[in-house]
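Heads up, the thing below is written out as structure tokens.
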Amino acid sequence: MIFETVASGGCRSYLIGCEESCAAALIDPELSQLDRYTALAARHGLRVHYLIDTHTHADHFSATRQLARQLDVPVVMHRASPAPFVDLRLEGGEMLAIGRLRLQALHTPGHTRDSMCLCVGDRVFTGDTLLFGATGRTDLPSGDAGSLHDSLFGSLLKLDPALLVFPAHEYKGRSHSTLAQEAAENPRLQKKDRGAFIEMMQNLNLTMPTHVTEALRTNMSGGKTVAQMLADAAAIVPFMSLAELKASLEAARGALLVLDVRERDAYASGHIPGAKHLPRGQLELRVNDELKDPTQRMLVCCEFGRISTLAAATLRTMGFQGAVALDGGVKAWREAGHPLSTPPGS
Ligand SMILES: [Fe+2]
């Protein structure tokens, strides 16, 4: 088996490939590593056939949907997954053929209702059902401590104790353990009594993961993250540095229109000299009145440089191919000590 682990933050994704056929599957890919997965598969001469999420993640952004579009292969999850974009829904016990490899799904609800563990050869990918020295939490949507107890003691720990454990999270750099090792040493697995296990899980007092609302929104719906919206916009927009803008204004070069897309109060409290005001919220509806020349070279700015990127992308989509965004925002301009104007009467 060709095997690669990709660690990003505390998240772990796995690429498994069949040496004979060059078929592969990707388990729990994460959005920030999108290019790494395709690069790794290419380096090994593998073609990814399946993109598998072990469960609906609440703590990171799944890349399965984006990769599915890019590679034209199915997203695989358990039948209980709420995500509408899942192409192949597995029941516990069902198997996927990845060349000569066989990947068998084990339904292990508890961390989430749709949690699966995946057995391939000598190893088991446990998702968040079983972590090194811990288990997934059961206090997030669709989590259930009793189900986790049943999944662990009634299913997962009934498998071959020699199986290597590869979880979806690891924060201390360990690569794997075994089911036997976890059964012997994992503190949570020492609470074999169902009631005691439930009580322990209900009293962990864990803090909420960051981005939980956004992760659930995007992972359950296939919608985009804010970072993706910004990256999509940035991909079609050229940027201008503060220094270049300053030089351009000083030289009064060409006819560069500075377009400030902040709200009125922010504009009134100080803007780049000569900047025209057109709030982002009114942009599409007012361009025809405010921007007569579609070839106009214009620099779009906002306070931090994010809204201006979205606005410049919108302008380009509408045909203003001379729209660029300020790399940074009026805040950076101000902090650099560059001049600001206030409108008369403000
Ligand atoms: Fe999780």
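The values are calculated or read from the model by the stated rules, or taken from the named source; none is laboratory data. Not measured: the values here are computed from a predicted model. As a convention, Cβ positions derive from the backbone with ideal geometry for all residues, glycine included, and neighbour counts pool all protein chains shown. Just the protein is used for accessible areas: all its heavy atoms, side chains included, with ligands, DNA and RNA removed. Shrake-Rupley method; radii C 1.70, N 1.55, O 1.52, S 1.80 Å.
Of note:
- Long-range HN-HN contacts of VAL258 with modeled amide H, under 5 Å: LYS276, LEU299
- Charge dipole (Cα centre; +1 on Lys/Arg Cβ, -1 on Asp/Glu Cβ; no other charges) of the chain amounts to roughly 440 debye.
- Cα-Cα separations in segment 18-114 greater than 18 Å, expressed as whole percent: 45
- Stretched out straight at 0.36 nm per residue, the stretch from ARG297 to GLU244 would grow longer than its current Cα-Cα span by 17.7 nm.
- Per residue, the solvent-accessible area of the chain (1.4 Å probe, heavy atoms of protein chains only, all protein chains present) comes to 46 Å².
- Between amide H atoms placed 1.01 Å from N, distances below 5 Å from SER8 occur with SER13, all of them 5 or more places distant or on a separate chain.
- Entry note, segment 1-48: relative contact order of 31 percent, from Cα contacts under 8 Å with a spacing of 6+ residues.
- Theoretical gain in end-to-end length, GLU284 to ALA162 [0.36 nm per residue, Cα-Cα removed]: 37.8 nm
- Between ASP139 and PHE3, the simple label model (points 7 Å from Cα in the Cβ direction) yields a spacing of 3.4 nm.
- LEU278 accessible area, 1.4 Å probe, all protein chains in place, Å² to nearest 10: 0
- Three-way shape call for segment 246-320 based on the alpha-carbon gyration tensor, with the a/c threshold at 1.5: oblate
- For segment 292-297, 3J(HN,Hα) computed residue by residue from phi via the Karplus equation (6.51, -1.76, 1.60; θ = phi - 60°) reads 7, 9, x, 9, 3, 7 Hz, glycine and proline entered as x.
- 3J(HN,Hα) from dihedral phi, segment 30-37, Karplus parametrisation 6.51/-1.76/1.60, rounded to Hz, x for glycine, proline: 10, 4, 5, 10, 2, 5, 4, 5
- Considering all C-alpha pairs of the chain, those separated by over 36 Å amount to 39%.
- Point-charge dipole on Cβ atoms (K/R +1, D/E -1) for segment 277-346, about Cα centre, debye to 20: 60
- Long-range amide H partners of GLU303 with built H, under 5 Å: VAL330
- Charge dipole of segment 213-346 (Cα centre as origin; +1 on each Lys and Arg Cβ, -1 on each Asp and Glu Cβ, all else neutral): 60 debye, rounded to the nearest 20.
- Ordering 188-197, 78-87 by mean Cβ neighbour count within 10 Å, with the highest value first, yields 78-87, 188-197.
- Taking the accessible area of the chain, probe 1.4 Å, and keeping the other protein chains in place, the carbon and sulfur fraction comes to 52%.
- Summed side-chain charge close to LEU164 - residues other than LEU164 whose Cβ falls under 14 Å, Lys, Arg +1, Asp, Glu -1: -1
- Local electrostatic count at GLY121 - Lys and Arg +1, Asp and Glu -1, tallied over other residues with Cβ under 14 Å: -1
- Extreme residue, positive dipole direction of segment 175-252, given options ILE198, GLN228, THR213 (C-beta unit charges): ILE198
- Phi angles across segment 304-315 convert, under the Karplus curve 6.51 cos²θ - 1.76 cosθ + 1.60 with θ = phi - 60°, into 3J(HN,Hα) values of 10, x, 9, 4, 5, 5, 5, 5, 5, 5, 4, 4 Hz, Gly and Pro given as x.
- Over 28 Å [Cα-Cα, segment 85-231], rounded percent: 23
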